[in-house]
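Encoded as structure tokens, the structure appears first; notes follow it.
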Amino acid sequence: MMHLGLSVACYALALAAGALAAPEPLDVIEARQTPWKATTITSHAEPWAIAFLPDNRVLVTERRGNLRLVNPETKATGTITGVPAVAYGGQGGLHDVALHPNYAENSIIYLSYAESGSGGAGGAVARAKLTINTSGGGALSDLSVIWRHSQRASGGLQFACRLLFGKDGALWIASGEINQMTPAQSMTANLGKMIKLYDNGTAFAGNPFASQGAVQSQIWSLGHRNPLGFDWDAEGRLWEVEMGPMGGDELNLIEQGKNYGWPLVSQGRHYDGRTIPAHSTRPEFIPPKAFWVPVISPGGMIIYKGDLFPSFKGNAIIAGLSSQSIVRVTITGDTAKEAQRVSMGRRMRGIREHKDGSIWVIQDGNNGQLIKLTPN
Ligand SMILES: *[C@@H]1O[C@H](CO)[C@@H](O)[C@H](O)[C@H]1NC(C)=O
Ligand SMILES: *[C@@H]1O[C@H](CO)[C@@H](O)[C@H](O)[C@H]1NC(C)=O
Ligand SMILES: [Ca+2]
């Protein structure tokens with residue numbers, strides 16, 4: 001009896017230490033390693049971006065040119081009419097959506113999209129007043145196009161045109177180079193640039209190249225390829241992710257007037273296999289703080305600021321397309337390092353932080369889900 005009691009006690013002790021425990025099932029291990037609980041809110045046709053209204057409803061852009069209004073409580077989805085015609089094709093269509101900093105007073109939203117014209121398609125940004133009706137739909141009015149790419153191209157690639165407001169009320173556009181490469185280095189093209197404007201589309205006073213001309217006056221930094229995510233950190237620094245060519249996705253710390261090197265330098269290669277000199281060969285270009293070979297294909301990025309995931313504070317959290325994952329990058333001073341990659345099983349297109357600290361992501365493609373991530 002005594003002996004049995006002792007062995008049971010030993011067994012319990014051993015179990016507690018894990019020594020005799022059966023191996024944990026994989027799904028249990030994965031559930032513990034996945035740092036969040038994922039709740040699907042709605043599904044969309046090729047969603048691209050999301051923005052939260054002050055009342056917690058969510059605007060969702062769909063690439064074919066539809067703007068939806070989602071009520072996360074009821075999961076009802078309404079349609080907002082009055083979206084400008086978009087050039088749907090390749091990577092183009094309706095892209096980002098952002099609220100004016102004074103949206104609560106003026107109901108103004110911003111959309112970026114690809115538009116057709118002679119010579120192909122280019123990126124554009126429009127602002128309009130959003131009126132929501134009692135059935136959860138609505139309409140845009142007083143729409144004006146406030147910015148356009150300075151040239152167009154066929155092929156429908158690399159428009160990017162993510163939108164972000166700064167604390168000073170400036171509107172930032174992460175402008176892609178529509179696969180034209182060299183315009184990213186041209187000061188008379190607004191392709192492949194970080195663009196800083198007033199909310200009405202006028203170039204922001206004090207931009208670094210303001211004295212050089214109309215296009216130049218919009219430019220904050222240059223030499224970008226396909227910048228699909230950017231956000232502020234707690235110190236007010238701007239971080240940006242861009243897709244490289246074959247290899248060489250970049251996380252950059254954006255500084256005024258600096259050149260980030262595309263297409264003269266890259267950590268990747270051209271798709272036809274031709275090599276590109278690395279950033280280290282040209283010290284005049286700012287190298288990325290982190291890069292990925294092979295690529296993760298960043299589709300969107302936030303710098304996490306909330307309290308719901310305390311260990312994520314200050315991290316860059318990237319939605320990955322080809323990597324079908326969410327990539328978390330720790331930032332220490334001005335160094336950055338991948339800390340975690342969570343497989344999502346689908347191409348991830350966009351990511352936004354809710355004011356309650358939850359993280360919302362959207363999948364790419366048909367039946368792309370809008371997903372809310374909260375702590376396990
Ligand atoms: C609300 O707006 C949507 C989209 O414009 C429209 O289909 C719907 O009929 C509107 N409902 C009301 C009550 O006006
Ligand atoms: C745009 O806004 C800026 C800043 O408020 C102002 O100085 C400028 O005159 C405005 N431009 C137009 C065309 O209204
Ligand atoms: Ca670069």
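Along the range 317-325 the Karplus relation, 6.51 cos²θ - 1.76 cosθ + 1.60 evaluated at θ = phi - 60°, assigns HN-Hα couplings of 10, 10, 8, x, 7, 4, 6, 6, 8 Hz to successive residues, with x for each Gly and Pro. Taken over the C-alpha atoms, the range 188-284 has Rg and Dmax values of 14.3, 43 angstrom.
Residues whose amide H comes within less than 5 Å of that of residue 300, counting only those at least five positions distant or on another chain, are 319 (H built at 1.01 Å from N in the peptide plane). With bins 10 Å wide beginning at 0, the percent of Cα pairs of the range 113-206 falling in each bin runs 16, 42, 30, 11, 2. Working note: Debye formula, equal point scatterers on the alpha-carbon atoms of the range 220-376, no solvent; log10 I(q)/I(0) at q = 0.08, 0.13, 0.20 Å⁻¹ is -0.22, -0.58, -1.26. Near residue 318, once Lys and Arg are set to +1 and Asp and Glu to -1 for all other residues with Cβ below 12 Å from its Cβ, the sum equals -3.
Can you give me the relative contact order of the range 287-330 as a percent, contacts being Cα pairs under 8 Å and 6 or more apart?
Numbers: 65 pairs, mean separation 15.2, N = 44.
In percent, rounded to a whole number, it is 35.
Which residues does a label at residue 374 reach in the range 69-98, if reach means a backbone N under 12 Å from a point 7 Å past the Cα toward the Cβ? Label zone hits: 73.
The residues packed around residue 106, meaning those with a beta-carbon under 15 Å from its beta-carbon, carry a net charge of -1 if Lys and Arg are +1 and Asp and Glu are -1.
In the calculated pair distance distribution of the range 18-160, what percentage of Cα-Cα distances lie above 28 Å?
Values: 3342 of 10153 pairs.
Here the long-distance tail beyond 28 Å is 33 percent of all Cα pairs in the range 18-160.
Rounded to whole numbers, the Karplus 3J(HN,Hα) couplings from phi for the range 289-306 are 7, 8, 9, 10, 9, x, 6, 9, 6, x, x, x, 7, 10, 9, 6, 10, x Hz, using 6.51 cos²θ - 1.76 cosθ + 1.60 with θ = phi - 60°, and x at Gly and Pro.
Note on the range 118-186 and the range 318-376: Cα centroid distance 23 Å, given to the nearest whole angstrom.
Computed on the range 154-286, with alpha-carbon pairs under 8 angstrom and 6+ residues apart, the relative contact order is 19 percent. Within the range 58-117, all pairs of alpha-carbon atoms sorted by distance into 5 Å bins from zero give the percentages 4, 18, 24, 22, 19, 9, 3, 1, 0. Please grab the % of Cα pairs in the chain that end up more than 35 Å from each other. Here the tail beyond 35 Å accounts for 26 percent of pairs. Other residues whose C-beta falls under 14 angstrom from the C-beta of residue 73 contribute a net charge of +1, scoring Lys and Arg +1 and Asp and Glu -1. Computed extension gain for residue 134 through residue 154, at 0.36 nm per residue and net of the alpha carbon distance, reaches 3.1 nm.
For Cα pairs less than 8 Å apart in space and 6+ apart in sequence, what is the mean separation divided by the residue count of the chain, i.e. the relative contact order in percent?
13
For the chain, the Cβ-based charge dipole about the Cα centre amounts to some 320 debye (Lys, Arg positive; Asp, Glu negative; other atoms uncharged).
Over 29 Å between Cα atoms: which of 75/167; 258/313; 129/258; 258/355 fall into that group? Present the calculation step by step, with values, prior to reporting the outcome.
On the way: 75/167 32 Å; 258/313 27 Å; 129/258 35 Å; 258/355 32 Å.
Long pairs (Cα-Cα over 29 Å): 75/167; 129/258; 258/355.
I need the Debye-formula profile for the range 157-239: one equal scatterer per C-alpha, no solvent, reported as log10 I(q)/I(0) at q = 0.21, 0.25 1/Å, two decimals. Values returned for q = 0.21, 0.25 Å⁻¹ are -0.94, -1.23. Between amide H atoms placed 1.01 Å from N, distances below 5 Å from residue 121 occur with 153, 154, 156, all of them 5 or more places distant or on a separate chain. The sum of -39500 (n - 2.57) across all DSSP H runs of n ≥ 4, divided by the residue count of the chain, sets its helix-only mean residue ellipticity at 222 nm to -2000 deg cm²/dmol. Under a 5 Å amide H cut-off, with hydrogens placed 1.01 Å from N, residue 36 pairs with 376 among residues at least 5 apart or on other chains.
Using θ = phi - 60° in the Karplus curve 6.51 cos²θ - 1.76 cosθ + 1.60, the 3J(HN,Hα) couplings for the range 71-86 round to 9, x, 5, 9, 6, 6, 10, x, 10, 9, 8, x, 5, x, 4, 10 Hz; x is entered for Gly and Pro.
Each value in this text was obtained by applying a stated rule to the coordinates, not by laboratory testing. Note that the structure is predicted; figures quoted are calculated from it, not measured. All Cβ positions, even for glycine, are placed from backbone atoms using ideal geometry, and neighbour counts span all protein chains on display.
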